[in-house]
Each structure stands twice: as structure tokens, then as C-alpha cells.
Amino acid sequence: MDCLFCKIVAGEIPNKTVYEDDQVLAFYDIAPKAPVHVLVIPKCHLSGVRDITPDTATVVGHIFEVIPQITEKLGLTDYRVVSNNGVEAGQTVGHLHFHILGGRILGEMG
Ligand code: AMP
Ligand code: ZN
């Protein structure tokens, strides 16, 4: 499958890893929208939130279990977690990912 983030998981495209375990990879966004901008992805391919089912929810639960560890490592106390789903919502990579944004006052959602 021609998926950018699957290629990152496979090590075919380099990344700046922040956290990794058997199910999850977190790495710095290549075009940061905030002083700290990290992406957290499942290692298995899910196209987005729409692919979350009772079977795949386990890895999503695990992602939210490790996000506090990642933000602590990044020194963030306040941060935003967001997932764009669909082109009209700004999704540019069709592999489920959660943005962690922080390091500045984020204000209200636009
Ligand atoms: P979205 O636009 O919500 O689908 O998020 C995709 C994110 O992936 C964007 O913020 C991009 O800057 C980021 N991105 C694209 N290519 C790479 C890459 N090779 N390494 C790290 N982040 C990337
Ligand atoms: Zn993928």
C-alpha cells in the first residue's frame, strides 16, 4: 500500500522518533504548526477515525494511554490533541494520526 506513514513505520522514510513501542510510533511533524508538534500513529494501517471498530479500538486506547507519557517527555503540561478526518477537515495523510500541539498559547479552535 502506498501510504507515507506505513513507510515511516517500515523505516523506509526517516523520522525523528519521540516514542515507540510494538503498537505505536510518535515522531516530530515535518512542518510544525506549533513550537512542539508531534504525530502519534498506530503501526497498523487505519485510514482514520472512520476505521475505528471494536477490533481496532484497542490500539487507539493504547495511543491515548501513552500520550501522557509522550507529553511529559516533551515537557508539555498544556497541549492539544487533534485528528483531521477527510480532505475537507484537512487530512492530507490517509493513515490515522493524532497531532499533539503545544509550546505556545493555542487559543480557541479555529
Ligand atoms: P494531516 O494534514 O492532519 O493529515 O496531518 C499530516 C501531517 O503529516 C502534516 O502536519 C504534515 O506536516 C505531516 N507530515 C507529512 N510528511 C511527513 C513526514 N515525512 N514526516 C513527518 N511529518 C510529516
Ligand atoms: Zn498506512
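Taken together, the values in this text are just the output of simple stated rules run on the coordinates, not laboratory data. Model, not experiment: these values are computed from the prediction. As a convention, Cβ positions derive from the backbone with ideal geometry for all residues, glycine included, and neighbour counts pool all protein chains shown.
By counting other Cβ atoms within 10 Å of each Cβ, how are 95, 45, 37 ranked from fewest to most? Could the numbers behind the result be given before it?
Details: 95 22, 45 15, 37 18.
Going from least to most buried by this count: 45, 37, 95.
With each pseudo-label sitting 7 Å past Cα toward Cβ, what's the residue 88-residue 1 distance in nm, one decimal?
Inter-label distance under the simple model: 2.4 nm.
GluC sites (Glu not before Pro) within region 1-91: which are DSSP loop residues with at most 10 other Cβ atoms inside 10 Å?
Numbers: sites: 12, 20, 65, 72, 88; in loops: 12.
Passing sites in region 1-91 are 12.
Suppose a student asked you for the relative contact order of the chain, using Cα pairs under 8 Å spaced at least 6 residues apart; what percent would you report?
After rounding, I find 31 percent.
Helix 57-74 sits at what angle to the longest principal axis of the chain, using alpha carbons and giving 0 to 90 degrees rounded to 10?
Helix 57-74 sits at roughly 30 degrees to that axis.
How big, on average over all directions, is the shadow cast by the Cα convex hull of the chain, in nm²? Could the numbers behind the result be given before it?
Values: hull surface 28.5 nm².
If you wrap the Cα atoms of the chain in a convex hull and average its projections, you get 7.1 nm².
Can you tell me the length gained on complete extension of the stretch residue 105 to residue 50, counting 0.36 nm per residue apart and subtracting the Cα distance?
Values: separation 55, 0.36 × 55 = 19.80 nm, distance 3.00 nm.
So the chain would gain 16.8 nm between residue 105 and residue 50.
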